[in-house]
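Taken together, the values in this text are just the output of simple stated rules run on the coordinates, not laboratory data. Not measured: the values here are computed from a predicted model. All Cβ positions, even for glycine, are placed from backbone atoms using ideal geometry, and neighbour counts span all protein chains on display.
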Amino acid sequence: MSQPLTETPEEDPGIRRTLTPSSISTGSRPIEFEEKSSPSTPKPPESDTLNTSANSPEELDPFQRLLQGLKNSPRSPRIQLETMAEDKKPSGSRPKKEEPEVEEAVIGSTMLVQVVSAVKEVKAALPRAFTGTQKDTKKFLREVLIYIVLNPKAFPNDRSKKLFLLSYMTNGLGEFWKNDKTDLLLAFDPEAEKVTWSEFIDDFRTSFKPLDPALKAQLELKDLRMKERADEYMYQFTYLAKQTGYNNAAQIVAFKRGLPRSLVLKIMTRPEGAPTMIKDWMNAAIIFNESYKQALEYGRTWDDEHGRKPQRNF
């Protein structure tokens, strides 16, 4: 019997037939196929999917994210990526490279040390405490001025210099003068701030200098005596003589008084005659004194070489 003709619908070109096995005959079981229709949508290439997955920041480990960020950064050179990759490796798997910045770092640190050293204070002796004794006034003031001159960075203004001097005045008469000046400076008294460092020093000298410096120097010079070396005696004599106001003749008299008698006689009886200037007296004293010491040293050496024992004076 003939089958009636039926119209078969045309397949949509966008529909793709697929046979899905619903059951497979194993032995006596029949194999059934199930027909499914699905739109033939184009699939994205697998490589694109993989690349998208690899570039996703959420799926990367921290190191890979860092490398990805460096690659995308326009400021990061390729050499930084290579350096990061090398650093990720174990230390034994790559050779150690010398960094060119080391020399610059050394130079930079050296320059920094030099700058810091230039700002540091000079290791100068600190002033000794001043109690207000007049005979120590000049010495104390000299020590203060030396320290300030050697360390100008530590004293940027007159106020710091004044407080530095006052801090070394302890006990005695000097403490009363110190307390008055210090209280005004710490209170930022306008009148005290107007006083310059030079005026402050003059006030200090006036308050603690001897009543008659020339008379004081004359008394000290009268008691001055030469001990072992003529050059040491000359330095002490010159320092005091400048303060006495003595003329050339008076200085010669004072100088002769402090010399040993034997040395004065040698100078006065020398072939060219006695000196007439204090400077010549000082030079002659040093020459004769050094000659005498050299003669004694030669005598001891000669006795040692010839086996003579030094004579004893009883």
Please identify the trypsin sites (Lys or Arg not before Pro) of region 204-243 that satisfy two criteria: DSSP loop assignment and at most 14 other Cβ atoms within 10 Å. Which are they? Arg225, Lys227, Arg229
Relative counts (whole %) of C-alpha pair distances in region 134-208, using bins that are 10 Å wide: 17, 57, 26, 0
Given labels modelled 7 Å from the Cα in the Cβ direction, how far is it in nm from Met277 to Arg229? 2.5 nm
Just grab the label-to-label distance for Leu219 and Thr196, each label 7 Å out from Cα along the Cβ direction, in nm (one decimal). 3.5 nm
Starting from the Cα-Cα distance between Met268 and Asp61, subtract it from 0.36 nm times their residue separation and give me the gain in nm to one decimal. 64.1 nm
